[in-house]
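Trainee: I am attaching a structure below and will ask some questions about it afterwards.
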Amino acid sequence: MPRKCGSCGVKNAILKRPKTGDALCKECFYWAFEEEIHHTVLQAKLFSPGETVAIGASGGKDSTVLAHTMKVLNERHNYGLKLILLSVDEGITGYRDDSLETVKRNQQQYDLPLTIVSYEELYGWTMDAIVKQIGLKNNCTFCGVFRRQALDRGAMMLGADKIVTGHNADDIAETVIMNVLRGDIARLRRCTAITTGTDGYLPRCKPFKYTYEKEIVMYAYFKKLDYFSTECIYSPNAYRGFARAYIKDLEKIRPSAIIDIIHSGESMQVKKEVRMPTQTTCTRCHYISSNEVCKACVMLEGLNKGRPRLGIGKIHKERRKWDEELAAQGKLQTVDGGGTDSGNVQVADGETESSAGNEQRTCSGVCSGVC
Amino acid sequence: MCSVEEDGDLQPLASEKRNKVKTCVKCGEPGVLITRIHDSFCKACFQVYVVHKFRAAIGKSKLIRDGEHVLVAFSGGANSAALLHLIQDGLSVRAHKKLRFIPTLLHVDECCVLDLPQSENQRLREKVSQLMTESGFPSYLTSLELGLNIDRNKKDNSSQDKTCPFWSTERDVTLTPPDVDVTDDLKVRLSSVLQGLSSTSSREDFIRNLRNQLIVCIARQMGFTKILTAECSTRLGVRILTDVSQGRGSQVALNTGFSDARNGDVMFVRPVRDLNAKELTLYNNMFGVDSVFIPCITTKGQPGASIERLAETFVTGLQADFASTVSNIVRTSEKLGLPDLNSTKCVLCQSPLDTDVGSASALRAVEFSLKLSRAGGTGSSSVSSPSTNGDKSCTSTQSAPGCCGQGDGSCQTRPPTRLETEEIMDHLCFGCRLSLRNFNGSTESLPVFVTTETEAARQRAKLREEIADFLLEDAEDS
């Protein structure tokens, strides 16, 4: 005998909610899914009427469902928001070009304006070109740092007040575990916030913070939403993969574990004595940064100067190596030509990561004025 | 989703580096073992290293006073045995600077939760008590099921009455508690509680909390204020991940710090937390320290048998490839702050309640989801009506004992038990709620302290309600 829906009790249930374990019919599931997101939006006071909200759209399931739900809720509950789709083109052939096609279809399906910003125009580098330089290791570092800025820049160009992203509960739980494993206390504190960046640039929020990835997939599946589901062709990050696998295994043992981890993240407090990185703005691009020069600028500098490892790992290590090389070259020149000493060689002491000495080096112009 | 990986240095260790014969990093003699990432030590320097880590941890904290009597929780396992050996060594005449505290040992017998043959139980008990007696320190035994009847507030140490939950190894060589009938009843009760819990993870969590409370209670009755446990960094790393995965994020600092002061007058101290499992095992191996293998409920189980087991598999697996995993995790926990120990506490684990959270939080989000998918309806009207949640009859007490099990409110019965699981839930922390969720045993079988303290808290809340009109806004409830 088919089971009845636990909510309406009339129709036959067609699915078991991963989040609560209850059997629901299709309509009740849609309704519960949407209302929960509405609940999150209300309780966390994510938006105020009249705001322009940029939806970070990659064409994947999370952002497609996000765009759909935001539109539905905006109309149903009169948020009074102006919604726009914002995509970042990382320049990955065989992956992003295909997924952008999906976003373009979404643009028509949901009747929302779409803007695409590309790494190429912002930084002068596509991911394909970056991978050629750096190889398949650490390439995700570049992509992640650049994407964060690219979204912000795109949204600012469009005059948006906020950015919403499709990060779901699984993503956040995974990040909590990652940050525990890496001992990154600053990120551990930040990563469970539903809205980030309130004090600096555009606030970003995650309406799917309490939404299970599985439920997003179910929603997209039953609603037959048009989304793109291929993994990035450049291998995903190995260390995060461990955290991901752990979360998936946990979910099998106790499905509520994902929310439980988020609760843990929310209720952790950081010792007062622990020094936190202070947020300032980058002296080159004026984007929010915890160092004098932001990561993106350092990475870009590395790329443009043919030292792509500059932005990865311990900055001062690579920086010192480079300075030593330069100094050695300088000495050679001194021996050869006598005269002009290494006036342009700044011997950084290795401790002050990207300190005053480095400011004189600027981008060679390819980055179209970002740096 | 790609990620931002800051630290490009995380690469698995190259295997050829591991097996090279090296000289001791301290004295230059041939090394006999490698610890940390690739530091080689000779036997003598390794001992100095381990002893230093142990003593430095105690010394730095300045918690243990001269001549203080401390209780050492001794399971008989490798870590406990190493701790015991380190203490013995530090108290011996040949020690460079003698340790100043006076230890007493306590072993909690947990055979009742395992399905082992009687002869095996007996063998384990005899072995443990042999190790304890050989140490020459005063030694006591207790049994986990006795935790069900303890009174947490009892402070006297008139240990001669029948309800005393511990007994000396000297007094009773047959290793049986003073009152066998009582413990047999309690054993039955404990197994019924464990059966009533919904998963192995819950059982494991419950057993751990019960054990801790039993040890604290005994320490209190014997007049100790410090309990030394032998949790090593590997154990703590697993604990941290388990805690985070079970919604105990706010308790990580308590559960894994050097000291845990949540129980007020009795404090847990973890003097070997700077050493990892490998170091302690090597220490045991090198200095002929004898230990017992005590199985737990997930022994021989799958990696997915429980959350703790999974976390263990995960951490030890990562540790094999990334040697800094455990120390990274433990360092994270060291940066976490303690919750306010003066606030209302969980009636089971005694950690400050973490359930008073804002409206935009994981806890409220789950409550809302449950409300929607159980008592809601597709109509828009019922979203806003709070009545669906306020009904305390069968609907909200899903699996309370005595309910017809429909869970839809149709039977309208109220279970006859005095306290419902649901009522206890309000006085539990998030983590303990998870453990007791869907508990389908009788609430009367739960530890006495849980039920009595819940009653007391409810009573207090009732009183507070009566005088609510006369209370000023900022009057704090102690």
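Only the coordinates and a few stated rules stand behind these numbers; no lab work does. Bear in mind the structure is a predicted one, so any value in this text is a computation, not a measurement. Backbone-built Cβ (ideal geometry, glycine too); neighbour counts: all protein chains shown.
Trainee: In nanometres, what is the gap between the two model label sites at B:L341 and A:L158, each 7 Å from Cα along Cα-to-Cβ?
Mentor: Here the answer is 5.2 nm between the modelled labels.
Trainee: A follow-up question, please. Could you go through the stretch A:76-82 in sequence order and give the Karplus-derived ³J(HN,Hα) for each residue, using 6.51 cos²θ - 1.76 cosθ + 1.60 with θ = phi - 60°, rounded to whole Hz, and x for Gly and Pro?
Mentor: 3J(HN,Hα) across the stretch A:76-82, in whole Hz: 5, 10, 6, 5, x, 9, 9.
Trainee: Residues with amide H under 5 Å of A:S289's amide H, sequence separation 5 or more or different chain, H placed in the peptide plane at 1.01 Å from N; which?
Mentor: So A:S289 has HN proximity to A:T280, A:T281, A:C282.
Trainee: Another question, if that's okay. Compute the separation of the alpha-carbon centres of the stretch B:32-109 and the stretch A:130-203 and state it in Å as a whole number.
Mentor: Centre-to-centre (Cα) distance: 44 Å.
Trainee: Moving to a separate point now. Could you estimate the translational diffusion coefficient of the stretch A:46-262 from the Stokes-Einstein equation, with Rh from the Kirkwood formula over C-alpha pairs, at 20 °C and 1.002 mPa s, in whole µm²/s?
Mentor: Estimated diffusion coefficient is 119 µm²/s.
Trainee: Then there's this: Which of the trypsin sites (Lys or Arg not before Pro) across the stretch B:311-366 are loop residues per DSSP, with 10 or fewer other Cβ within 10 Å?
Mentor: In loop regions of the stretch B:311-366 (DSSP not H, G, I, E or B), there are no sparsely surrounded trypsin sites (Lys or Arg not before Pro).
Trainee: Using 0.36 nm per residue, how much length does the chain from B:N438 to B:H52 gain when fully extended, once their Cα-Cα distance is taken away?
Mentor: 134.2 nm
Trainee: Once you place label points 7 Å from the Cα toward the Cβ at A:E121 and B:M425, how far apart are they in nm?
Mentor: With each label placed 7 Å out from Cα toward Cβ, I get 5.3 nm.
Trainee: Same structure, new question: For B:A461 and B:K154, what is the calculated FRET efficiency with R₀ set at 22 Å and r taken between the beta-carbons, to the nearest 0.05?
Mentor: The computed FRET efficiency comes out at 0.35.
Trainee: Please work out how much length the chain gains when fully extended from A:N78 to A:T283, using 0.36 nm per residue of separation minus the C-alpha to C-alpha distance, in nm with one decimal.
Mentor: Gain on stretching A:N78 to A:T283: 69.7 nm.
Trainee: Sticking with this structure for a sec: Over 35 Å apart: what share of the alpha carbon pairs of the stretch B:46-334 falls there, rounded to a whole percent?
Mentor: In whole percent, the long-distance tail amounts to 14.
Trainee: Rounded to whole Hz and in sequence order, give me ³J(HN,Hα) for the stretch A:275-284 from the Karplus expression 6.51 cos²θ - 1.76 cosθ + 1.60, θ = phi - 60°, writing x for Gly and Pro.
Mentor: Once θ is set to phi - 60°, the couplings for the stretch A:275-284 become 6, 9, x, 8, 8, 10, 10, 5, 6, 9 Hz.
Trainee: Here is a follow-up. Multiply the residue gap between B:S168 and B:H69 by 0.36 nm, knock off their C-alpha separation, and tell me the result in nm, one decimal place.
Mentor: Taking 0.36 nm per residue and subtracting the Cα distance, the gain is 34.0 nm.
Trainee: Is the stretch A:188-268 rounded, prolate or oblate when judged by the Cα gyration tensor, a ≥ b ≥ c being the square roots of its eigenvalues, rounded requiring a/c under 1.5 and prolate requiring a/b larger than b/c?
Mentor: Since a/c stays below 1.5, the shape of the stretch A:188-268 is classed as rounded.
Trainee: Under a 5 Å amide H to amide H cut-off, with H placed in plane at 1.01 Å, what residues pair with A:S118 once short-range neighbours are removed?
Mentor: A:D89
Trainee: For the pair B:T133 and B:K26, what calculated FRET efficiency results from E = 1/(1 + (r/R0)^6), where r is the Cβ-Cβ distance and R0 = 41 Å, to the nearest 0.05?
Mentor: That pair, B:K26 with B:T133, gives E of 0.70.
Trainee: To continue, here is another question. Report ³J(HN,Hα) in whole Hz for each residue of the stretch B:54-61, in order, from the Karplus equation J = 6.51 cos²θ - 1.76 cosθ + 1.60 where θ = phi - 60°; Gly and Pro get x.
Mentor: Values, residue by residue: 5, 6, 5, 4, 5, x, 4, 6 Hz.
Trainee: Between B:A44 and A:F222, what is the spin-label point distance in nm, taking each point 7 Å from the Cα along the Cα→C-beta axis?
Mentor: 7.4 nm
Trainee: To continue, here is another question. Where Lys and Arg each count +1 and Asp and Glu each count -1, what net charge lies around B:K62 among other residues with Cβ under 13 Å from its Cβ?
Mentor: Residues close to B:K62 contribute a combined charge of +3.
Trainee: The stretch B:323-357 to the stretch A:224-288: how many Å between their Cα centroids?
Mentor: 20 Å
Trainee: Could you list the chymotrypsin sites (Phe, Trp or Tyr not before Pro) in the stretch B:250-349 that lie in coil according to DSSP, counting only those with at most 14 other Cβ atoms within 10 Å of their Cβ?
Mentor: When the chymotrypsin sites (Phe, Trp or Tyr not before Pro) of the stretch B:250-349 are filtered for loop state and at most 14 Cβ neighbours within 10 Å, B:F293 remain.
Trainee: 5 Å is the cut-off here: which amide hydrogens, built 1.01 Å from N in the peptide plane, fall below it relative to B:Y140, excluding neighbours closer than 5 in sequence?
Mentor: Hits under the 5 Å cutoff: B:L105, B:L106, B:H107, B:T169.
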